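The values are calculated or read from the model by the stated rules, or taken from the named source; none is laboratory data. Quick caveat: nothing in here was measured; it's all calculated off a predicted structure. Note: ideal-geometry Cβ built from the backbone for every residue, glycine included; neighbour counts use all protein chains shown. These area figures cover heavy atoms from the full protein model, side chains too; ligands, DNA and RNA do not enter into them. Shrake-Rupley method; radii C 1.70, N 1.55, O 1.52, S 1.80 Å.
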Amino acid sequence: QIRRQGGIQLLVDLLDHRMTEVHRSACGALRNLVYGKANDDNKIALKNCGGIPALVRLLRKTTDLEIRELVTGVLWNLSSCDALKMPIIQDALAVLTNAVIIPHSGWENSPLQDDHKIQLHSSQVLRNATGCLRNVSSAGEEARRRMRECDGLTDALLYVIQSALGSSEIDSKTVENCVCILRNLSYRLAAETSQGQQMGTDELDGLLCGDANGKDAESSGCWGKKKKKKKSQDQWDGVGPLPDCAEPPKGIQMLWHPSIVKPYLTLLSECSNPDTLEGAAGALQNLAAGSWKWSVYIRAAVRKEKGLPILVELLRIDNDRVVCAVATALRNMALDVRNKELIGKYAMRDLVHRLPGANNSNSSASKAMSDDTVTAICCTLHEVITKNMENAKALRDAGGIEKLVGISKSKGDKHSPKVVKAASQVLNSMWQYRDLRSLYKKDGWSQYHFVASSSTIERDRQRPYSSSRTPSISPVRMSPNNRSASAPASPREMISLKERKTDYESTGTNATYHGNKGEHTSRKDTMTGE
């Protein structure tokens, strides 16, 4: 009714009024009018009335904390509408970064003062601004590019996360938002940044074959042009200085520099917010995908920072999306030869335990996983047994054949074609190890159980978080916050994931991580979040 009678235009005009009280009431009304998916038409109408630049003008000039909170709340609600993500980046990214995120993060005033730490995460303005940017980070390649190039944004987001480590703020919505933004911005870095594109094909080939072969890494071209200065990879301590960069990383470089591994692993070991866990695992998954030089370094850094056991332990958690992100991260970690050996040795039982079937079908530990997660686990198993016969034997020893055969030969609609195909591919690769066939036969299996008609699975390991919830597995996955974390960053954009979206209510009762949306509503008089 209000929209049809022209009320949104009138309220937008009041954002430039001379009285603070009017700003407060107009913002509160607008925030309620654009709350929730059902009001997407109101969001579009607000944008068509010049509402986004008007909100940004008010944010830039007001010092009233409540109004800043309301304005950022309106922007957060608007950002869940796909059609408004790029307009928000266009008109509001710089001001949100410079007027809210950088000052409230405390990054510019470091070293940290403790009193600042406390006000930091309780800041609703920071929560709202990061919620808005989390949603818009799922809008695709151009959105990611603009955000990566936004001065100070990455530094400030990382600073918020680092200052929350070891405090009760580690489970906060603000930290969750920051991690999900970074996950999305980590999606397809090698393909989308000038640093990623500087690498020639020769160097790529060298990295592929020389990936972490310990002492032989030097001769394989693992270090590109600077390899002469570098001793073998095993002597790099995992935290820098790195062979190719004397300077500490800043800005966009922080997204892929191995020093980022430690804060992500600390989150994974200390945090209990499942959306933050999924985001941190998704970020590591994105960074470890592919054959880019920095991906090679990241995979080594995760090993050296003792990150593999942290990831393996999270396979046991009772949260489907976390397990999916962690399994895919492990799949990418296994591109490193040494990591592959360690994962085969120490993670095989946990991976097999998560597959449906056999005797643990009734156990609570193995409650039904989604098709996406079962597919992710199969793809990880496939990577771990590829070119490693010991790991194939470990898979058999852990009881994996029985479960995989159960999936691949299942009748009816018990498992989706995608899951059946993934399980069949693992079995097909198991059969290729001729030396193990006598063991299989001793266990009562025959060629019929291993070799199915479908023996190919596409592989893509990158996903972004996005606002949708449909992940897909592929060879190397990255995830942006699109599908789970964000579109290719919203719930996440894994190499091509859709975004997932969920409305986030101020009470937080149904705040889901991969819904990259946080929306607010407010009561007409007090305007506190409902």
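Regarding residue 123, is this residue within 16 Å of residue 76 (Cβ to Cβ), open to solvent by 10 Å² or more (accessible area, probe 1.4 Å), of a type in the set (Ser, Thr, Tyr) and in contact (Cβ under 8 Å) with a residue 24 or more places away in the chain? Yes, satisfied.
Against the definition (among the small types (Gly, Ala, Ser), open to solvent by less than 30 Å² (accessible area, probe 1.4 Å) and either closer than 14 Å to residue 129 by Cα or in a helix (DSSP H, G or I) (or both)), how does residue 38 come out, yes or no? Walk me through how you get there before you give the answer.
Values: among the small types (Gly, Ala, Ser): yes; open to solvent by less than 30 Å² (accessible area, probe 1.4 Å): no; either closer than 14 Å to residue 129 by Cα or in a helix (DSSP H, G or I) (or both): yes.
No; evaluated as a whole, the condition is false for this residue.
None of 159, 187 is in a loop (DSSP other than H, G, I, E, B) and within 16 Å of residue 264 (Cβ to Cβ) except 187. Scanning the stretch 371-415 for residues that are of a type in the set (D, E, K, R) and in contact with a His (Cβ under 8 Å, 6 or more places away or on another chain) yields 371, 409.
A Cβ distance below 6 Å, combined with a sequence gap of six or more or placement on separate chains, defines the contacts here; from the stretch 257-284, residues that are in contact (Cβ under 8 Å) with a residue 40 or more places away in the chain and more than 24 Å from residue 196 (Cβ to Cβ) reach residues that are buried (at least 24 other Cβ atoms within 10 Å of the Cβ) and aromatic (Phe, Trp, Tyr) in the pairs 275/513; 278/513.
Looking at the stretch 41-54, is at least one residue closer than 28 Å to residue 175 by Cβ, in contact with a Leu (Cβ under 9 Å, 6 or more places away or on another chain) and either in contact (Cβ under 8 Å) with a residue 12 or more places away in the chain or crowded, with 21+ Cβ neighbours inside 10 Å (or both)? Walk me through it before giving the result.
Going through the stretch 41-54, the residues closer than 28 Å to residue 175 by Cβ turn out to be 43, 52.
Now narrow it down to the ones that are in contact with a Leu (Cβ under 9 Å, 6 or more places away or on another chain): 43, 52.
After this cut, where a residue has to be either in contact (Cβ under 8 Å) with a residue 12 or more places away in the chain or crowded, with 21+ Cβ neighbours inside 10 Å (or both) as well, the list is 43, 52.
Looking through the stretch 41-54, at least one residue is closer than 28 Å to residue 175 by Cβ, in contact with a Leu (Cβ under 9 Å, 6 or more places away or on another chain) and either in contact (Cβ under 8 Å) with a residue 12 or more places away in the chain or crowded, with 21+ Cβ neighbours inside 10 Å (or both).
Checking every residue in the stretch 251-260 against the condition of being out of contact with any Ser or Thr (no Cβ under 9 Å at 6 or more places or on another chain) and of a type in the set (Val, Ile, Thr) gives zero matches.
Is it true that residue 264 is modelled with pLDDT of 95 or more and touching a strand residue (DSSP E or B) at 6+ places or on another chain (Cβ under 8 Å)? Criteria not met by residue 264.
Against the list (1) without any contact (Cβ under 8 Å) to a residue 12 or more places away in the chain; (2) in contact with a Leu (Cβ under 8 Å, 6 or more places away or on another chain); (3) basic (Lys, Arg), the condition residue 68 fails is (1). Residues in the stretch 144-156 that are among the hydrophobic types (A, V, I, L, M, F, W, C) and more than 16 Å from the chain's Cα centre (by Cα) were compared, and the one that is most open to solvent (accessible area, probe 1.4 Å) is 150.
Please find, among 7, 28, the residue that is farther than 21 Å from residue 60 by Cα and small (Gly, Ala, Ser).
On the way: 28 fails: farther than 21 Å from residue 60 by Cα.
Of the residues listed, the single one that is farther than 21 Å from residue 60 by Cα and small (Gly, Ala, Ser) is 7.
Conditions (1) within 18 Å of residue 43 (Cα to Cα); (2) part of a helix (DSSP H, G or I); (3) hydrophobic (A, V, I, L, M, F, W, C); (4) at pLDDT below 90, marked per residue:
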| position | (1), (2), (3), (4) |
| --- | --- |
| 84 | yes, yes, yes, no |
| 98 | no, yes, no, no |
| 120 | no, yes, yes, yes |
| 129 | yes, yes, yes, no |
| 139 | yes, no, yes, no |
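Please specify each residue of the stretch 26-38 satisfying the condition of being at pLDDT 95 or above and either within 29 Å of the chain's Cα centre (by Cα) or within 16 Å of residue 9 (Cβ to Cβ) (or both). Steps first, please.
Residues of the stretch 26-38 that are at pLDDT 95 or above, as a first pass: 26-35.
26, 27, 29, 30, 31, 33, 34, 35 - these are the residues of the stretch 26-38 that are at pLDDT 95 or above and either within 29 Å of the chain's Cα centre (by Cα) or within 16 Å of residue 9 (Cβ to Cβ) (or both).
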